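Structure record follows, encoded as structure tokens.
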Amino acid sequence: MSLTSAATLATLDRTGPRRITDLATVEGVTQPAMTALVRVMEESGLVERRGDASDKRVTLVCLTEAGASYVRTRRQAGVHAFERLIGELTGDEVEALVAALPALKHLAERESQDREGPKQ
């Protein structure tokens, strides 16, 4: 799976259903590229398109259970990788990481806000 596909699934998991144009903007690709990507992920059973109840002209891209499961599995693999790597650090290195956690959390929150853009 491409990084853009994985990032798009993660965005849908965090933010819920989105328009293709919104997803393209958030992921930094063109709308035609996102349309093709969504089609491939739809054929793979990871996403589905649904109508928007508030505007019948709009189609939203939604995660399927298989897509949500993929995101959970990928995140858990990342957690395990970090656990293993942190386990190899010295005590002083672990302390330095703990001290840096508030700043890292702040950066992650800012990056997430920048990527998600305005809420629907």
(request) Being of a type outside the set (Val, Ile, Thr) and outside any helix (DSSP H, G or I) is the filter here, so list the residues in the stretch 1-32 that pass it. (result) Met1, Ser2, Gly16, Pro17, Arg18, Arg19, Gly28
(message) Would you confirm, using the coordinates I've provided, whether Val61 is closer than 20 Å to Glu111 by Cα, buried (at least 18 other Cβ atoms within 10 Å of the Cβ), touching an Asp or Glu at 6+ places or on another chain (Cβ under 9 Å) and touching a residue at least 24 places away in the same chain (Cβ under 8 Å)?
(response) no
(message) Go through the stretch 61-120 and report how many residues are over 30 Å from Glu42 (Cβ atoms) and either part of a helix (DSSP H, G or I) or under 13 Å from the mean Cα position of the chain (by Cα) (or both).
(response) 25
(request) Answer yes or no as to whether Arg50 is in a helix (DSSP H, G or I) and within 24 Å of Thr73 (Cβ to Cβ). (result) no
(message) From the list Gly28, Gly91, Gly78, Gly67, exactly one residue is touching a strand residue (DSSP E or B) at 6+ places or on another chain (Cβ under 7 Å) and open to solvent by less than 70 Å² (accessible area, probe 1.4 Å). Which is it?
(response) Gly67
(request) Sort through Thr4, Thr11 and tell me the only one that's of a type outside the set (Gly, Ala, Ser), touching a Leu at 6+ places or on another chain (Cβ under 7 Å) and open to solvent by less than 40 Å² (accessible area, probe 1.4 Å). (result) Thr11
(request) Could you please give the count of residues in the stretch 33-47 that are open to solvent by less than 80 Å² (accessible area, probe 1.4 Å), assigned to a helix (DSSP H, G or I) and of a type outside the set (Ser, Thr, Tyr)? (result) 7
(message) Which numbered condition in (1) within 20 Å of Thr15 (Cβ to Cβ); (2) out of contact with any Cys (no Cβ under 6 Å at 6 or more places or on another chain); (3) of a type in the set (D, E, K, R) is the only one that Arg84 fails?
(response) (1)
(request) Kindly list, by first and then second residue, each pair from a residue in the stretch 34-52 that is among the aliphatic types (A, V, I, L, M) to a residue that is outside any helix (DSSP H, G or I), limited to pairs with Cβ atoms under 7 Å and residues at least 6 apart or on different chains. (result) Val38/Val47; Val38/Val61; Met41/Val47; Leu46/Thr64; Val47/Val61; Val47/Cys62; Val47/Leu63; Val47/Thr64
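The values are calculated or read from the model by the stated rules, or taken from the named source; none is laboratory data. Remember, it's a predicted structure, so these values are computed and weren't measured experimentally. Methodologically, a virtual Cβ is constructed for each residue, glycine included, from the backbone with ideal geometry; neighbour enumeration extends over all protein chains shown. Side chains included, ligands, DNA and RNA excluded: accessible areas come from the protein's heavy atoms. Shrake-Rupley method; radii C 1.70, N 1.55, O 1.52, S 1.80 Å.
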